[in-house]
Amino acid sequence: MSVNRTVASRLSPAARRRVRRATDRLLAPVGSVRAVRTSEPAVALSYDDGPDPVGTDAVLRALAEAGATATFFQLVYRAEQSQEIVGRVVAAGHEVALHGIDHTRLTTLPVAEVTRRLADGRRRLEAVTGRPVRLFRPPYGAQTLRTYVAARRSGLDVVVWGPAAYDWVDGSPGELAARALAGTGPGDVLLLHDGFEVPAGDRTPRPTFDRGEMTRALLAGLTERGLRATSVGALMAAGRPWRTAWFSP
C-alpha cells in the first residue's frame, strides 16, 4: 500500500523493496509505523475489530498460556458494550489502541468529521480502559494524507502492518498461522483479528475457525523461529520504528 498497486504489480519483489526503501526515506515525516528496526528477537501481535465475546476471550487464553502480550486495536462501540472484556485485556498486561468508533472507512468522510471521530474515539476508549491511548490503525488500512494529519493532530501514532494472517476469511488455524508466519522476522508487526466487522448489509460469511487455536499455532511457530511475541508499543520502545508512506483510499 506504500507504492501504487498498478505500478507495484509490474515490479519484481526485489525492485518493490528498493522502491519502498527509497520512498520511505523521502516520506518519513508522513510515515505510518509498519515495523521496527530492532536487534531484539521479537515481533508485535496486533488484533483488530474487537472486543468480541468469543474471539477475544479465546485469544486472551492462548496468550496467557504462552506468557505473551499483544496490542488490541479496538472499536469503541464494541468496547463500550463489552467493558468487562476490555478490563481483562488491560489486566493481563496487553495494550489497547484505537481502531475507530466503528469500522467506517475514514477516507470517505470530510476531514472535520474524521478529526471529530478520532478525538471522540480516543476520549471514549480511554474512559473505558482507564489508560492513555496513543496508537491508531485506520479501518481497512484506508488512509489519505488528510486523515493521517488528522490522526497525528489528535495525538495518535498511526500503525499499519507487515505480515498478515488474512483471517477475515475462513481456514484452519494452522493454515492461517502459516500465512502470518510467512516471511516474518524480528521487528515485524503482524496483522490479526480477534473480531469480525463488516459494513451494515454486507453478507460476507463470518469465519468459524477458533481464533485461540490460530494464536496458539502462531506462537508455536514464532518459538520455533526463536522469536517472541510482544505488543506494538513494547516493540517500538525496543528499536527504531520503520515508517512507511501508507496511503490507500
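The values are calculated or read from the model by the stated rules, or taken from the named source; none is laboratory data. Here the structure is a predicted model, which is why all the values come from computation and not from measurement. Using ideal geometry, Cβ is built from the backbone for each residue, glycine included, and neighbour counts are taken over all protein chains shown.
Summary of computed values
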| item | result |
| --- | --- |
| Residue among THR115, THR107, THR129 that is within 19 Å of SER248 (Cβ to Cβ) and of a type in the set (Val, Ile, Thr) | THR107 |
| Test: residue in the stretch 167-189 that is among the β-branched types (Val, Ile, Thr), in contact with a strand residue (DSSP E or B) (Cβ under 6 Å, 6 or more places away or on another chain) and surrounded by 21 or more Cβ atoms within 10 Å (Cβ to Cβ) | yes |
| Test: residue in the stretch 123-135 that is under 18 Å from PHE196 (Cα atoms), in a loop (DSSP other than H, G, I, E, B) and either touching a residue at least 60 places away in the same chain (Cβ under 8 Å) or under 14 Å from the mean Cα position of the chain (by Cα) (or both) | no |
| Filtered residues of the stretch 70-93 (kept if farther than 17 Å from SER46 by Cα and part of a loop (DSSP other than H, G, I, E, B)) | SER82 |
| Checking ALA217 against (1) in contact with a Ser or Thr (Cβ under 7 Å, 6 or more places away or on another chain); (2) of a type outside the set (Ser, Thr, Tyr); (3) outside any loop (DSSP other than H, G, I, E, B), the condition it does not meet | (1) |
| Which numbered condition GLY201 fails, given (1) buried (at least 21 other Cβ atoms within 10 Å of the Cβ); (2) farther than 23 Å from ALA68 by Cβ | (1) |
| Failed item in (1) out of contact with any helix residue (DSSP H, G or I) (no Cβ under 7 Å at 6 or more places or on another chain); (2) among the acidic types (Asp, Glu); (3) surrounded by fewer than 24 Cβ atoms within 10 Å (Cβ to Cβ), with ASP48 passing the rest | (3) |
| Count of residues meeting criterion [in contact with a Leu (Cβ under 7 Å, 6 or more places away or on another chain) and either assigned to a helix (DSSP H, G or I) or of a type in the set (Asp, Glu) (or both)] in the stretch 140-169 | 5 |
| Single residue of the stretch 191-249 satisfying the filter (among the basic types (Lys, Arg) and modelled with pLDDT under 95) that is farthest from ARG78 (Cα to Cα) | ARG203 |
| Out of ARG88, ARG17, sole residue that is at pLDDT below 95 and surrounded by fewer than 20 Cβ atoms within 10 Å (Cβ to Cβ) | ARG17 |
| Sole exception among (1) without any contact (Cβ under 8 Å) to a residue 24 or more places away in the chain; (2) surrounded by 17 or more Cβ atoms within 10 Å (Cβ to Cβ) for GLN81, by number | (2) |
| Filter result (more than 15 Å from LEU63 (Cβ to Cβ), touching a residue at least 40 places away in the same chain (Cβ under 8 Å) and not basic (Lys, Arg)) within the stretch 199-226 | PRO199, PRO207, PHE209, GLY226 |
| Single residue of LEU145, LEU191, LEU181 found to be in the same structural domain as VAL86 (by TED's automatic domain parsing) and farther than 25 Å from ILE101 by Cβ | LEU181 |
| Qualifying positions in the stretch 25-69 - farther than 21 Å from LEU222 by Cα and assigned to a strand (DSSP E or B) | SER32, VAL33, ASP49, GLY50 |
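Yes/no per residue for (1) under 30 Å from GLU224 (Cα atoms); (2) surrounded by 15 or more Cβ atoms within 10 Å (Cβ to Cβ); (3) polar (S, T, N, Q); (4) out of contact with any Phe, Trp or Tyr (no Cβ under 7 Å at 6 or more places or on another chain):
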position	(1), (2), (3), (4)
ALA62	yes, yes, no, yes
THR69	yes, yes, yes, yes
HIS94	yes, yes, no, no
LEU109	no, yes, no, yes
ALA127	no, no, no, yes
